[in-house]
Amino acid sequence: MFMNQSKMKILNIFQFISIHYIAVSKRYKGGGTDVNAGKFIILPFLYLYPASETQLNYKPNVTLFFLEKDLHHGTKLNLQFSKTTSNNEAKFLPREVANSILFSSNKLDNILNKFSIKKGSNEAEIVKNTISECEEKGIKGEEKLCVTSLESMVDFTISKLGKNVEVVSTEVKKESSELQEYVIEKGVKKLGDKNKTIVCHKENYPYAVFYCHKTDATKAYSVPLEGVDGNRVKVVAVCHTDTSQWNPKHLAFQVLKFEPGTVPVCHFVPQDHVVWVSK
């Protein structure tokens, strides 16, 4: 693992995530589960899957996807910034603890027993689907890994982007469950270099698991927004300039009414997800 005193940049990234973002768990006690018991919803930011009925009907007025050409001052978007999007505040475990816990669809019964989750329950279905999602092959040009520790996330990032990296996430000053109109303010800024980006999406699981993936032709932007109530938010937007390998029935195409590979597609990154960019 790439970690020593001479690598201060990476140490600073560890501190950023640990203190300001995820708060690494000091000890794993076991027993019980914090898995959200609601219905499992496939993340709309995974490109292999077609849009489900649940996705199509879930808050249809929220701007989930938009075009890169609209990423400029004055564009109006309907958005909502609640506490988390995964409904799961599970924390990272230390690597040695996370590595000692099974994470495989072949060992599902053992995993459910480990976390005192009843077979056939909603929680069990969520655990099963999260693991299956992690085990699925990515689309062409996508390099992916579900990481179960902070150290694994950093190692994966360095292996794909190199050592000179920066980590960013959406910053929300005032969270609200209300949907409202936001306007893009002046100051949209492209992040990173050479369009080399890794996005890590938080999954619903008893402890922190992130679906991290690097895809070709991906750009990241810092975007300042102001809501009609005066709330100011600095969000991270990710734009995919090549969607030719996405499922043609993906939610983005259903919403934007475009075909795969025709226009760059963008989405904002929820505040419980992480973006790494090459500097």
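Bear in mind that the values in this text are calculations on the coordinates, not laboratory data. The structure displayed is predicted, hence computed values, not measured ones. Here Cβ is always computed from backbone atoms with ideal geometry, including for glycine, and neighbour counts include all displayed protein chains.
A few points about this structure:
- Using R0 = 22 Å, the C-beta based FRET efficiency linking Ser176 and Lys91 works out to 0.35.
- Cα-Cα over 21 Å, subset of Lys144/Lys194; Lys137/Lys234; Lys190/Lys234: Lys137/Lys234
- Extension gain from Thr54 to Lys163, taking 0.36 nm per residue of separation minus the Cα-Cα distance: 35.3 nm
- Extension gain, Arg232-Asn110: 0.36 nm per intervening residue step, less the Cα-Cα distance, totals 39.4 nm.
- Cα gyration tensor category, rounded, prolate or oblate, for segment 155-206 with a/c compared to 1.5: oblate
- A Cα-only calculation for segment 78-203 places Rg and Dmax at 18.0, 52 Å.
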